[in-house]
Every structure is written in C-alpha cells, then in structure tokens.
Amino acid sequence: MEIQDTRPLDVLFVCIHNAGRSQMAEAFFNRLAGNRYDAASAGTEPASALNPAVIQVMDEAGIDISGRAPKQLTPEMIEASKRIITMGCGASASCPALFTPSEDWNLPDPKNMPVARVIKLRDDIEDRVIKLIRELDKKFNKTLTQC
C-alpha cells in the first residue's frame, strides 16, 4: 500500500533510515489497529532498502513487509500527523517534527544485529504498539478488538 503524504495520520513513526524499527512499528500498528487508526513511517535520510533481517523477523511474525521501501519524511506527513514516535535513533536532532507532540522510544538500530536480537527488538516494538493503541482507544473511547 503506497502512502500519500497528505492523508490524515493518527501516528507517524520516524527513524533516520526508515529501514527497520519504524517499518516494524508501522506494520504492527496498522495490523493491530485495524480500521480504527492509521499509521505511516518515514525517515529523515531513507536507506535504499529495508534491512533483510527485519523483513525476515516480520515474516516470521506473519507480516510481509518485503514489498515496502524506505520513505522520505516530508513536512506534509508531519502536518497530517496527530502523534509522532521517534525510534531512538537521533531522528529528533535531524527531524523537523519539533512542533507536533512526539515521544522517543529509544530503541537500538537493528543494523548489523544478529537475527535473535532483531526478534527481541521486534517483540518489544509490538508490545509498545499494543500499549499505544490501547492508549489511543482509551483517549478516543474506541473499542479494543484486536490487541
């Protein structure tokens, strides 16, 4: 699914390369939130391709992200987002998203990690996404159906 920069977003996951953490968070969020919320991910300096280990561990979790590509963070994406989550990669230093409510999850970069550590990172991201969706459900009085 191609993301257009101007669509309204509930959550935008931002990382420098948009090749690992932010891609996993977007995939988990959109699967778990169903049609209640919408998320995207982007990078301040997008890589040329996704991290192969990330593709592998997400496939093992039942989510195919092999057809995705890193995306450039744009001012339009920031303006369309209600909430921005940075992934602990120093994106805030190079991120123009300073005027939108944001938080940093401070996650390690999966680049050059062994697959076993990427699996642990994936599971941590999934847990954080579930908590985020529950928080949004509570805030907007929506019914929790999948998390």
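The values are calculated or read from the model by the stated rules, or taken from the named source; none is laboratory data. Predicted, not measured: the structure shown is a model, and the values here were computed from it. Using ideal geometry, Cβ is built from the backbone for each residue, glycine included, and neighbour counts are taken over all protein chains shown.
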Among strands (runs of 3 or more DSSP E) entirely within region 9-92, at least 2 residues that are among the hydrophobic types (A, V, I, L, M, F, W, C) and in contact (Cβ under 8 Å) with a residue 40 or more places away in the chain occur in 9-15, 81-86
Looking at region 43-88, which of its residues are surrounded by 13 or more Cβ atoms within 10 Å (Cβ to Cβ), farther than 11 Å from PHE13 by Cα and of a type in the set (A, V, I, L, M)? ALA47, LEU50, ALA53, VAL54, ILE55, VAL57, MET58, ALA61, ILE63, ILE65, ALA69, ALA80
Restricting region 20-42 to residues that are among the basic types (Lys, Arg) and more than 16 Å from ALA69 (Cβ to Cβ), the one surrounded by the most Cβ atoms within 10 Å (Cβ to Cβ) turns out to be ARG36
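Would you confirm, using the coordinates I've provided, whether ARG31 is closer than 22 Å to LYS111 by Cβ, modelled with pLDDT of 95 or more and not acidic (Asp, Glu)?
Working: closer than 22 Å to LYS111 by Cβ: no; modelled with pLDDT of 95 or more: yes; not acidic (Asp, Glu): yes.
No, not satisfied.
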Output for region 115-141, where each listed residue is under 15 Å from the mean Cα position of the chain (by Cα) and without any contact (Cβ under 8 Å) to a residue 12 or more places away in the chain: ASP123, ASP127, LYS131
Do you know which of the residues in region 100-137 that are in contact with an Asp or Glu (Cβ under 9 Å, 6 or more places away or on another chain), part of a loop (DSSP other than H, G, I, E, B) and farther than 22 Å from PRO52 by Cβ is modelled with the highest pLDDT? TRP105
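Scan region 40-65 for residues that are over 18 Å from LEU121 (Cβ atoms) and modelled with pLDDT of 95 or more and jot them down. Even if it seems obvious, please write down each step before you answer.
Within region 40-65, the first condition is being over 18 Å from LEU121 (Cβ atoms), and the residues that meet it are 40, 42, 44-46, 48-49, 64.
Within region 40-65, ALA40, ALA42, PRO46, SER48, ALA49, ASP64 qualify.
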